[in-house]
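Everything on this sheet refers to the single structure shown next.
The values are calculated or read from the model by the stated rules, or taken from the named source; none is laboratory data. For clarity, every value in this text was computed on a predicted model and none was experimentally measured. Every residue, glycine as well, gets a Cβ built from its backbone with ideal geometry; the counts of neighbours run over all protein chains shown.
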Amino acid sequence: MIELMKKGAYLVNGLDLVEEDAQDELAAKTGRAISKEEAAKNTIAYGILEKHNTSGSMEKLKVKFDKMTSHDITFVGIIQTARASGLEKFPIPYVLTNCHNSLCAVGGTINEDDHMFGLTAAKKYGGIYVPPHQAVIHQFAREMLAEGGKMILGSDSHTRYGALGTMAMGEGGPELVKQLLNRTYDINMPGVVAIYMTGAPMKGVGPQDVALAIIGAVFGNGYVKNKVKEFVGPGVSSLSADFRIGVDVMTTETTCLSSIWRTDDQIKEFYDIHGRSESYKELNPGAVAYYDGVVKVDLSKIKPMIAMPFHPSNTYTIEEVNANLADILHDVEQKALVSLDGQVDYQLMNKVRDGKLYVDQGIIAGCAGGGFENICAAADILKGRSIGADEFTLSVYPASTPIYMELARNGRLADLMATGAIVKTAFCGPCFGAGDTPANNAFSIRHSTRNFPNREGSKLQNGQISSVALMDARSIAATAANKGFLTAATDLDVEFTGPTYHFDQTIYANRVFDSKGVADPDQEIQFGPNIKDWPEMVALPENLVIKVVSEIHDPVTTTDELIPSGETSSYRSNPLGLAEFTLSRKDPAYVGRAKEVQKAEKAREAGECMGEALPELKDIMHKIKESYDVSKENVGIGSTIFAVKPGDGSAREQAASCQKVLGGWANIANEYATKRYRSNLINWGMLPFIVDKGELPFKNGDYIFIPEIATAVKSRASEMKAFVVNENMKEFTLKMDELTDDERKIILDGCLINYYRNN
């Protein structure tokens, strides 16, 4: 089904794989010798990056994107940061969608206040504004923004349009700010891994099945981490554009940097249907292309999949789950003890009735599940059936109003509603815990992007827990047809009708504000009472004293655990208000501990006595002064957290900025789960420290002294001397991976806003 090659390989004429050591075989196929370095330039990814790189060096890239997009949880903070840094006009097309805080039902006026901020900002700076319920961010980008050979940057982690020939990346807000201010996205040339596809999917297998099979094979071992996944091979041609899009959007869950696919007539047809034929570009690797790794995917062998709670990589075939219920459910329950810190009594075995696993809810939604083909396939399976009158429910969210309109015109909408399913407007809520929240202890199956803890809306601190498993729309519909009994779509005899899609852009022409790139500097931005400016942040002092205020030993810590999604979304435009929720589900005591330490730093900045503000600091400073000349003029006081591998999941910058707002100066980790989270830390002036795996030299509550840290950053040091301070000064080593020149300056200045003010 899935095979990972242990070494790199050459792809010859888009069809034949040759292992990197098999030079004789390569020469026989090509008629000449070719080096890795030469062949690496023949990947699709290399060609696109080369055209967008401004540095003159393909080792150290400085990328300028063609377009950008953000949604209403992120765009206010981005524009506020850019305004504070001197923004005058959006230099490239920038789309502001409203698909996360669409339900203006909580928090008073503040969600719609954010939307009005977005509309007036689009007018003032020359952007595009998509009102609530018209489209989810990524579907609008597919329909209206993507172009072959271009690059798009989005402030959402699932910014992936590679199936359409667009290399897209999801990053934290500060990276978009850099583009708004005509700066660049600076990275080392990433590795490129081929996803080599053969065969064709069996009937009933959908894109989520393929995506989950790949995620299960590559997430845990980091095979594609921070690399570009390039989809090649003859099997690609067996997949429709919608199918490819459904696989592509889930590449985020492998922790890759981006994705790109070879394109063909299927993709040309997509652009033709959407009235943008000129945006199509045929993309293929060169005659001989070298890849740093290869994931072989035999599409014909992939079966309907399920990602059990609480991660998209926790994958099984549905057949395996139904055949080994007791063992697999027990394993999930045991893993949940770690993920949920034992805060609730989590059980799945009680979902088994008469030897069958019954689920409580089905959701087909968003940028992954809400595509036209997924919903039509689900309608085919359910036509003439009923989901029943018991606890099982089914909700379907088309990804855009044009899709919704076509489903109404071709009758699939009526077919679905006749079964008892509810069809709703375009909304991302089910992906982050703000829509269709199940009952306590309920089990939801969803064709959406993530199934982290709380992604279905539960609150552990209130004793509320439900869980999500990821599945394809087809198997969700099959399960719904069986009144909630977990069923693979391949187990039903269904004739899939495959109706033709007709795109109607009328709704966008009528409702989407498009400035056509013309800014109106006289337009006043409309603010609401919850929209706040970022607080002032100071430059990095020469020395640091940081207190460990949270210690997390989960194998992976998601951004949802660092700053919860769902009910917190209404505060995304209020840095201080949002910060109150930091780590609230993982370590509820964190905010109080961080604030206590922050009192000392605020006193220092005001020229007052730090020890009076934080009495326990007196003994710490006394011990440090025995060896180092420190004073309130040259030492900063702050907090830090330790996590084994933080930052998996969302691109939301608030996972880092909330810590900074509360006085955080650093994170300490064994490694960082994603580049985007590490970048968020840096852009908010936080030090991304690393310690070797093994026994930690410090524990929660300890103070750490880092002498001459500013000098170390300036001098490009990769290792820093540090001390755990108590009755003694216990020395240990902190490490830091490579920083660009700009990243070092951002950390030294205290944050990205300060950096732009100073430069």
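How about the stretch 349-378: which of its residues are closer than 17 Å to SER444 by Cβ and assigned to a loop (DSSP other than H, G, I, E, B)?
Across the stretch 349-378, the qualifying residues are VAL359, ASP360, ALA365, GLY370.
Give the stretch 349-390 a look and list any residue that's on the phi > 0 side of the Ramachandran plot and hydroxyl-bearing (Ser, Thr, Tyr), or say none.
none
Among the residues of the stretch 76-108, which ones are under 26 Å from GLU536 (Cα atoms), surrounded by 24 or more Cβ atoms within 10 Å (Cβ to Cβ) and out of contact with any Phe, Trp or Tyr (no Cβ under 6 Å at 6 or more places or on another chain)?
Result: GLY77, ILE78, ILE79, GLN80, THR81, ALA82.
Could you list, ordered by first residue, the pairs with Cβ atoms under 7 Å in which the first is in the stretch 668-686 and among the basic types (Lys, Arg) and the second is part of a loop (DSSP other than H, G, I, E, B), at least 6 apart or interchain?
From residues that are among the basic types (Lys, Arg), the pairs are LYS675/ASN226; LYS675/LEU257; ARG676/SER157; ARG676/GLU171; ARG676/GLY172; ARG676/ALA651; ARG678/TYR672.
Out of the residues in the stretch 457-491 meeting the condition of being assigned to a loop (DSSP other than H, G, I, E, B) and in contact with a Lys or Arg (Cβ under 8 Å, 6 or more places away or on another chain), tell me which one is surrounded by the most Cβ atoms within 10 Å (Cβ to Cβ).
MET471
In the set ALA307, ALA326, ALA289, which member is modelled with pLDDT under 95 and among the hydrophobic types (A, V, I, L, M, F, W, C)?
ALA326
Could you check, for the stretch 352-363, whether at least one of its residues is under 30 Å from ALA421 (Cα atoms) and among the acidic types (Asp, Glu)?
yes
Of all residues being among the aliphatic types (A, V, I, L, M) and more than 21 Å from ILE110 (Cβ to Cβ) in the stretch 569-605, which is surrounded by the most Cβ atoms within 10 Å (Cβ to Cβ)? Just the residue, please.
ALA600
For the stretch 382-417, which positions are touching a Ser or Thr at 6+ places or on another chain (Cβ under 9 Å), hydrophobic (A, V, I, L, M, F, W, C) and either assigned to a loop (DSSP other than H, G, I, E, B) or closer than 22 Å to ALA488 by Cα (or both)?
Correct list: LEU382, ILE387, PHE392, LEU394.
Name the residues in the stretch 189-221 that are within 27 Å of SER55 (Cβ to Cβ) and either modelled with pLDDT under 95 or not aliphatic (A, V, I, L, M) (or both), would you?
Of everything in the stretch 189-221, those that are within 27 Å of SER55 (Cβ to Cβ) and either modelled with pLDDT under 95 or not aliphatic (A, V, I, L, M) (or both) turn out to be PRO190, GLY191.
Return a yes/no flag: does the stretch 628-636 have any residue that is in contact with a Lys or Arg (Cβ under 7 Å, 6 or more places away or on another chain) and surrounded by fewer than 24 Cβ atoms within 10 Å (Cβ to Cβ).
yes
Considering only the stretch 711-759, state which residues are in contact with a Gly (Cβ under 7 Å, 6 or more places away or on another chain) and among the aliphatic types (A, V, I, L, M).
Correct list: ILE746, ILE747.
From (1) within 24 Å of GLY154 (Cα to Cα); (2) of a type outside the set (S, T, N, Q); (3) more than 26 Å from the chain's Cα centre (by Cα); (4) in a loop (DSSP other than H, G, I, E, B), pick out the condition that doesn't hold for TYR346.
(1)
Mind telling me which of the residues ALA211, ALA168, ALA141 ends up being touching a residue at least 40 places away in the same chain (Cβ under 8 Å) and either out of contact with any strand residue (DSSP E or B) (no Cβ under 7 Å at 6 or more places or on another chain) or farther than 25 Å from ASP560 by Cα (or both)?
Testing whether each residue is touching a residue at least 40 places away in the same chain (Cβ under 8 Å) and either out of contact with any strand residue (DSSP E or B) (no Cβ under 7 Å at 6 or more places or on another chain) or farther than 25 Å from ASP560 by Cα (or both) leaves just ALA211.
Just checking: which of the helices (runs of 4 or more DSSP H) contained wholly in the stretch 185-304 hold 2 or more residues that are more than 25 Å from the chain's Cα centre (by Cα)?
Per the criteria, 265-273.
If a residue must be in a strand (DSSP E or B) and more than 27 Å from the chain's Cα centre (by Cα), how many such residues does the stretch 522-572 contain?
So the answer is 5.
So for the stretch 492-499 (the condition being modelled with pLDDT under 90, assigned to a loop (DSSP other than H, G, I, E, B) and of a type in the set (Asp, Glu)), does at least one residue qualify?
There is no residue in the stretch 492-499 that is modelled with pLDDT under 90, assigned to a loop (DSSP other than H, G, I, E, B) and of a type in the set (Asp, Glu).
Which pairs have Cβ atoms under 6 Å, sit 6 or more apart or on different chains, and link a residue in the stretch 494-514 that is more than 15 Å from ASP415 (Cα to Cα) to one that is hydroxyl-bearing (Ser, Thr, Tyr) and surrounded by 15 or more Cβ atoms within 10 Å (Cβ to Cβ)?
If the second residue must be hydroxyl-bearing (Ser, Thr, Tyr) and surrounded by 15 or more Cβ atoms within 10 Å (Cβ to Cβ), the pairs left are ILE507/THR401; PHE513/TYR129.
What's the total number of residues in the stretch 216-253 that are within 20 Å of ILE137 (Cβ to Cβ) and either polar (S, T, N, Q) or assigned by TED's automatic domain parsing to the domain that holds CYS376 (or both)?
Residues meeting the conditions: 2.
Could you run through the stretch 689-707 and say how many residues are surrounded by fewer than 11 Cβ atoms within 10 Å (Cβ to Cβ) and closer than 14 Å to LYS730 by Cβ?
The number of residues fulfilling the criteria is 2.
Could you check the stretch 625-675 and list, in sequence order, the residues that are of a type in the set (D, E, K, R) and under 16 Å from SER550 (Cα atoms)?
Once the filter is applied, which keeps residues that are of a type in the set (D, E, K, R) and under 16 Å from SER550 (Cα atoms), the stretch 625-675 yields LYS645, LYS660.
Under 7 Å between Cβ atoms, at least 6 apart or on separate chains: pull out the pairs that start in the stretch 232-254 with a residue that is at positive phi and end on any residue that is among the aliphatic types (A, V, I, L, M).
If the second residue must be among the aliphatic types (A, V, I, L, M), the pairs left are GLY233/MET197.
Hey, can you tell me all the residues within the stretch 699-715 that are of a type outside the set (Lys, Arg) and over 21 Å from ALA656 (Cβ atoms)?
Matches in the stretch 699-715: GLY701, ASP702, TYR703, PHE705, PRO707, GLU708, THR711, SER715.
Hey, among LYS62, LYS41, which residue is more than 30 Å from SER569 (Cα to Cα), among the basic types (Lys, Arg) and buried (at least 17 other Cβ atoms within 10 Å of the Cβ)?
Exactly one residue qualifies, and that residue is LYS62.
Out of everything in the stretch 547-557 that is touching a helix residue (DSSP H, G or I) at 6+ places or on another chain (Cβ under 9 Å) and under 21 Å from PRO312 (Cα atoms), what residue ends up being surrounded by the most Cβ atoms within 10 Å (Cβ to Cβ)?
Ranking the qualifying residues of the stretch 547-557, first place goes to ILE552.
For residues in the stretch 416-434 being crowded, with 22+ Cβ neighbours inside 10 Å and small (Gly, Ala, Ser), which is nearest to PRO398 (Cα to Cα)?
Taking the candidates together, the pick is ALA426.
Would you pick out the residues in the stretch 721-748 that are touching a residue at least 24 places away in the same chain (Cβ under 8 Å) and of a type in the set (Asp, Glu)?
Scanning the stretch 721-748 gives GLU727, ASP737, GLU738, ASP742, GLU743.
Checking the conditions here, which among ARG572, ARG593 is of a type outside the set (Phe, Trp, Tyr) and either free of Cβ contacts under 8 Å to residues at least 40 places away in the same chain or farther than 19 Å from GLY173 by Cα (or both)?
ARG593
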